[in-house]
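Here is the structure we will look at.
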Amino acid sequence: MTRQCTTPPETQGNVASYTAVQLAATVSVTRAFGYRVTPAALLAGAAINAGTHAAIDRGALLLWLAKKTGQTGYIEHCQAVRLDADGAVTKEINGPGSAWMELDAALHRAIGIGAAAVTTWLTTRPRRR
């Protein structure tokens, strides 16, 4: 199995825009509900999400985790089958409908929950003055 980037080269800059939109949405939603999240907490959660998002989408981290958890067989077995422009059947290890994409999405969700927990903890912990 070779290391592949799941993000096409033309969209690899999506991490910055994704993080900016996520920050704006977080501020909007929390303020709409009357909460004030500290800037340090927002930046910590955003840094966790952005850093891990970029690392996961490059593929090496996902493959390492798959090996550690015994999921490489799942990635190799559950591939998407497509027809190319000439009508020939091709397999994609990391395209839509593949195990790679399912594991990628699950890992993003899990890390997002962790980043939200860190943000919440940093916002609600007692501060020393």
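The values are calculated or read from the model by the stated rules, or taken from the named source; none is laboratory data. Quick caveat, the model's predicted, so the values are computed rather than measured. Positions of Cβ are backbone-derived with ideal geometry, glycine not excepted, and every protein chain shown enters the neighbour counts. Side chains are part of the model used for accessible areas, which takes the heavy atoms of the whole protein and leaves out ligands, DNA and RNA. Shrake-Rupley method; radii C 1.70, N 1.55, O 1.52, S 1.80 Å.
Pairs of Cα atoms under 8 Å, at least six residues apart: use those to get the relative contact order of the chain, whole percent. Write out the running numbers ahead of the final one.
On the way: 110 pairs, mean separation 38.6, N = 129.
Computed value for the chain: 30 percent relative contact order.
Find the accessible area per residue for the stretch 40-129; the probe is 1.4 Å, ligands and nucleic acids are left out, and the unit is Å².
Solvent-accessible surface per residue comes out at 62 Å².
Compare S28, S98 by solvent-accessible area with a 1.4 Å probe and give them largest first, with all protein chains kept in place.
Details: S28 70, S98 0 Å².
I get S28, S98, largest accessible area first.
Kindly write out, for the stretch 53-60 in residue order, the coupling ³J(HN,Hα) from the Karplus curve 6.51 cos²θ - 1.76 cosθ + 1.60 (θ = phi - 60°), rounded to whole Hz, with x marking Gly and Pro.
Karplus-based 3J(HN,Hα) across the stretch 53-60 equals 4, 5, 5, 5, 5, 6, x, 5 Hz.
Roughly what angle does helix 99-124 make with the longest principal axis of the chain, taking Cα atoms, 0 to 90 degrees, to the nearest 10?
10
Taking the Cα-to-Cβ direction at V21 and at L61 and moving 7 Å from each Cα, how far apart do the two end points lie in nm?
In this crude label model, V21 to L61 measures out at 1.9 nm.
Hey, got the dipole for the stretch 42-129? About the Cα centre, +1 on K and R Cβ, -1 on D and E Cβ, debye to the nearest 20? Don't jump to the answer; show the numbers that get you there.
On the way: 10 positive and 7 negative charges, 193 e Å.
I would put it at about 920 debye.
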